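This report refers to the structure that appears directly beneath it.
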Amino acid sequence: MQNAPSPVLQPEPNLAPPTGPFASLRRLLPPGEVIRYLLVGVWNTLFAYALYSGFVLLYGHFLPKHYLPLTVVIASVSAKPIGITMSFLCYKHFVFRTHGNYLREWLRCFAVYGVGMLPELIALPILTHLFLRFALTHRPAPYLAGAFITIFTATLSYFGHKKFSFRI
């Protein structure tokens with residue numbers, strides 16, 4: 001009885017290293033990871049924005065209306081630790097899929113968001129004030145300002161998390 005030759009396994013075409021003018025960009029942004037990041041990012045953005053909005057409503061009942069720029073800062077600072085922790089857990093388990101190192105990665109996650117927090121705390125009351133000038137009512141101003149800040153933060157955080165928080 002003669003042994004049949006074993007089949008030669010060919011690498012799948014999708015697993016070949018990227019080549020061409022955008023190869024470094026494709027290596028930097030693996031498709032599955034980016035899609036997972038975007039999906040988790042949508043959830044994290046909705047969660048963080050709802051949290052921020054809830055705190056704006058809550059603090060808006062206790063602070064006078066002319067303190068609205070201060071209210072948005074307090075709401076943002078209150079919502080951040082909860083939102084960052086939710087983001088950390090989602091990124092760790094669903095996007096970057098790292099194991100162990102909970103405290104170190106959580107602190108790094110805070111560092112990534114902390115870098116953007118100072119400009120955010122400066123821009124938030126300024127944007128709120130600008131939206132107050134152009135809006136017919138004061139109601140949408142803090143939410144529009146929060147939406148602008150959220151989009152900016154989400155865009156920059158991907159690279160911070162990929163290169164620092166969850167680097168392997």
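Each reported figure results from applying straightforward, stated rules to the coordinates on display, with no laboratory input. These numbers come from a predicted model, not from an experiment. Glycine also receives a Cβ, built like all others from the backbone with ideal geometry; neighbour counts cover every protein chain displayed.
Here are some notes:
- Here the mean projected area of the convex hull built on the C-alpha positions of segment 30-165 is 8.2 nm².
- Taking segment 78-102 and a reference point 7 angstrom along Cα→Cβ of Leu57, the backbone N atoms nearer than 18 Å belong to 78-80, 83.
- Proximal lysines to Lys65, defined as alpha-carbon separation beneath 24 angstrom and excluding residues fewer than eight positions away on the same chain: Lys80
- Excluding same-chain neighbours fewer than eight residues apart, the lysines reachable from Lys163 by a Cα-Cα span under 20 Å are Lys92.
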